[in-house]
């Protein structure tokens with residue numbers, strides 16, 4: 001039987017720690033960073049269901065302009081905020097979302113990922129994860145900020161990321177050292193957020209298959 | 001008749017009732033007499049206190065200011081009389097504003113412990129699930145859950161009420177029990193007055209925030225009605241745990257998604273500012289604060305039960 005996304009992520013975490021690929025003190029530092037994010041209550045500041053979603057037009061990895069308004073005119077829109085190609089958890093999630101993309105499209109909906117990384121890194125994300133939905137370039141994280149997701153990394157986390165070779169200044173092409181909290185939104189055709197799930201703990205992601213009953217519900221509602 | 005104390009009492013009643021005849025009736029004088037006494041008070045003060053139209057009597061700006069000061073003085077006098085009697089017994093009329101649900105479920109079953117101590121005290125309840133205007137409605141004390149918009153009020157926190165989701169066992173047997181918030185889509189949702197402005201239910205667990213848009217099928221502008229709808233098996237309701245405590249205890253409603261938090265709202269007892277609180281309002285607010293500790297315990301006991 002196919003593993004659920006969270007089982008895959010948990011197995012990845014266990015392997016990462018057991019294999020010793022990442023030194024223990026760094027694992028400890030990363031865990032502390034997550035705990036601090038969770039304790040901050042920042043997730044509660046993010047945009048929630050029932051509110052109008054900010055509209056946006058961003059370039060995909062190939063430079064084509066993609067408009068949320070245009071996509072919503074065709075059906076519901078799933079927006080997944082993605083930290084970047086350097087984040088293995090995000091890549092596992094992208095693959096899992098790609099696995100349900102056809103089920104999403106069959107329900108008349110579309111899906112995009114939004115990331116602060118440069119177009120070149122987004123091309124790499126698409127290629128390596130075999131993703132066939134757009135990874136949009138949110139340079140400087142302005143769209144992430146409108147959704148209430150963008151936050152500044154702590155000096156400790158910045159140091160850890162540098163040690164791990166995740167230099168966000170290079171990857172994102174700007175020096176704000178900010179990232180979006182991982183967040184997944186379902187926006188209805190009326191532009192109102194129908195569902196939102198935000199988790200500052202990036203090792204935890206909602207099951208992509210959970211999206212399908214939500215899209216079924218929206219289709220049923222819009223047909224009524 | 002042209003006694004200053006009496007004319008001030010009359011003035012406050014005209015201000016509160018907006019009518020010379022109503023205020024006159026309360027004090028046992030005719031409308032023309034009431035009108036004449038107030039006119040003579042305005043002469044003494046040297047300012048117009050009311051604007052009189054054919055339809056209404058409203059305070060002028062000077063009148064509003066005068067009312068705030070005079071009421072404080074009259075109330076202090078009342079209190080002085082009361083203190084001199086030294087019995088601690090309260091009398092007169094106490095006007096309490098609160099939601100229907102809170103009064104019916106929490107207050108009325110307990111208030112005899114307070115009113116039995118004060119046989120001369122009359123209590124008027126102003127029941128509404130909407131927030132009330134403390135000053136305009138001449139309320140002596142109000143109980144409110146949620147944010148306090150009225151800044152000209154003195155609030156004292158009573159406790160914290162947890163929001164939950166619940167449904168009847170019959171509904172759940174028929175429609176299934178949602179095991180996570182995302183499973184609420186496709187369920188029939190009941191929306192009461194406390195949720196009407198929200199349009200989304202938010203759930204918290206382990207730092208994660210999940211919110212679902214609420215397309216309510218049954219919308220009710222009263223909490224009691226919303227709870228009755230849930231008991232009747234019409235759908236899933238979200239509301240304060242305290243308001244549903246009886247139904248949860250009796251099993252008419254079952255809490256669902258209980259491993260998720262939905263946030264809390266604070267309950268306050270509020271005394272209007274700008275005039276001194278009546279002794280009875282202060283005593284009532286002490287009484288209810290002490291009582292609330294017991295309800296909070298009951299609520300917490302129920303929370304840990306689930």
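Observations on the model:
- If you filter region B:206-238 down to residues that are at positive phi and in contact with a helix residue (DSSP H, G or I) (Cβ under 6 Å, 6 or more places away or on another chain), you find that the one that is surrounded by the most Cβ atoms within 10 Å (Cβ to Cβ) is B:207.
- Hits in region B:147-205 - residues which are under 23 Å from residue B:220 (Cα atoms), in the same structural domain as residue B:252 (by TED's automatic domain parsing), surrounded by fewer than 16 Cβ atoms within 10 Å (Cβ to Cβ) and modelled with pLDDT under 95: B:186, B:196, B:197
- Residue match in region A:7-20 (condition: within 25 Å of residue B:209 (Cβ to Cβ), out of contact with any helix residue (DSSP H, G or I) (no Cβ under 6 Å at 6 or more places or on another chain) and not in a helix (DSSP H, G or I)): no
- Test: residue in region B:209-219 that is away from every other protein chain (no Cβ under 14 Å), in a helix (DSSP H, G or I) and modelled with pLDDT of 90 or more: no
- Residue tally, condition under 18 Å from residue A:191 (Cα atoms) and free of Cβ contacts under 8 Å to residues at least 24 places away in the same chain, over region A:79-104: 0
- Residue in region B:49-59 that is more than 23 Å from residue B:139 (Cβ to Cβ) and in a helix (DSSP H, G or I) present: no
- Subset of region A:55-74 (residues that are crowded, with 17+ Cβ neighbours inside 10 Å and either within 21 Å of residue A:222 (Cβ to Cβ) or within 14 Å of another protein chain (Cβ to nearest Cβ) (or both)): A:68, A:71, A:72
- Test: residue in region A:193-207 that is touching a helix residue (DSSP H, G or I) at 6+ places or on another chain (Cβ under 6 Å), surrounded by fewer than 21 Cβ atoms within 10 Å (Cβ to Cβ), more than 10 Å from every other protein chain (Cβ to nearest Cβ) and in contact (Cβ under 8 Å) with a residue 40 or more places away in the chain: yes
- For residue A:221, the criteria (1) within 24 Å of residue A:60 (Cβ to Cβ); (2) at the interface with chain B (Cβ under 9 Å from one of its Cβ atoms) hold in every case but one, which is (1).
- In region A:21-50, the residue that is surrounded by the most Cβ atoms within 10 Å (Cβ to Cβ) out of those that are outside any helix (DSSP H, G or I) and within 14 Å of chain B (Cβ to nearest Cβ) is A:49.
- Of all residues making up region A:99-138, the number that are buried (at least 19 other Cβ atoms within 10 Å of the Cβ) and part of a helix (DSSP H, G or I): 6
The values are calculated or read from the model by the stated rules, or taken from the named source; none is laboratory data. This one's a predicted model, so the numbers in the text were calculated from it and none came from an experiment. Methodologically, a virtual Cβ is constructed for each residue, glycine included, from the backbone with ideal geometry; neighbour enumeration extends over all protein chains shown.
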